Amino acid sequence: LKQIQAPTLLIWGDLDTSTPLKDAELMASLIPDSGLVVHKGAGHFSYLEEHDKTLAIIKAFLGGTQ
């Protein structure tokens with residue numbers, strides 16, 4: 001993970017039981033130039049559960065408008 005050189009955005013659900021939030025926090029701490037967005041109340045498929053929020057976050061991350 002420390003070798004990743006591209007800006008990285010991690011999107012996670014705080015209720016994810018398949019890949020717990022602590023794993024995301026570890027990844028974010030090891031990947032240089034990374035960010036972690038946590039959807040509260042969402043599970044493993046947080047990007048589907050919070051589709052509109054996720055889309056806005058990705059657009060902002062890529063430099064587009066929300």
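Which residues, counting only those in the range 49-66, are in a loop (DSSP other than H, G, I, E, B) and either exposed (fewer than 11 other Cβ atoms within 10 Å of the Cβ) or at positive phi (or both)? Working first, answer last.
Initial filter on the range 49-66 (in a loop (DSSP other than H, G, I, E, B)): 50, 62-66.
Once the filter is applied, which keeps residues that are in a loop (DSSP other than H, G, I, E, B) and either exposed (fewer than 11 other Cβ atoms within 10 Å of the Cβ) or at positive phi (or both), the range 49-66 yields 62, 63, 64, 65, 66.
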Filter result for residue 17 (among the hydroxyl-bearing types (Ser, Thr, Tyr), touching a residue at least 24 places away in the same chain (Cβ under 8 Å) and either assigned to a loop (DSSP other than H, G, I, E, B) or surrounded by fewer than 15 Cβ atoms within 10 Å (Cβ to Cβ) (or both)): yes
So residue 6 passes all but one of these: (1) under 13 Å from the mean Cα position of the chain (by Cα); (2) assigned to a loop (DSSP other than H, G, I, E, B). Which condition number does it fail? (1)
Take the residues in the range 26-48 that are assigned to a helix (DSSP H, G or I) and out of contact with any strand residue (DSSP E or B) (no Cβ under 7 Å at 6 or more places or on another chain), then tell me which one is least open to solvent (accessible area, probe 1.4 Å). 30
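The values are calculated or read from the model by the stated rules, or taken from the named source; none is laboratory data. Quantities reported herein were computed from a predicted structural model and do not represent experimental measurements. We place every Cβ from the backbone using ideal geometry, glycine too, and count neighbours over all the protein chains shown. Side chains included, ligands, DNA and RNA excluded: accessible areas come from the protein's heavy atoms. Shrake-Rupley method; radii C 1.70, N 1.55, O 1.52, S 1.80 Å.
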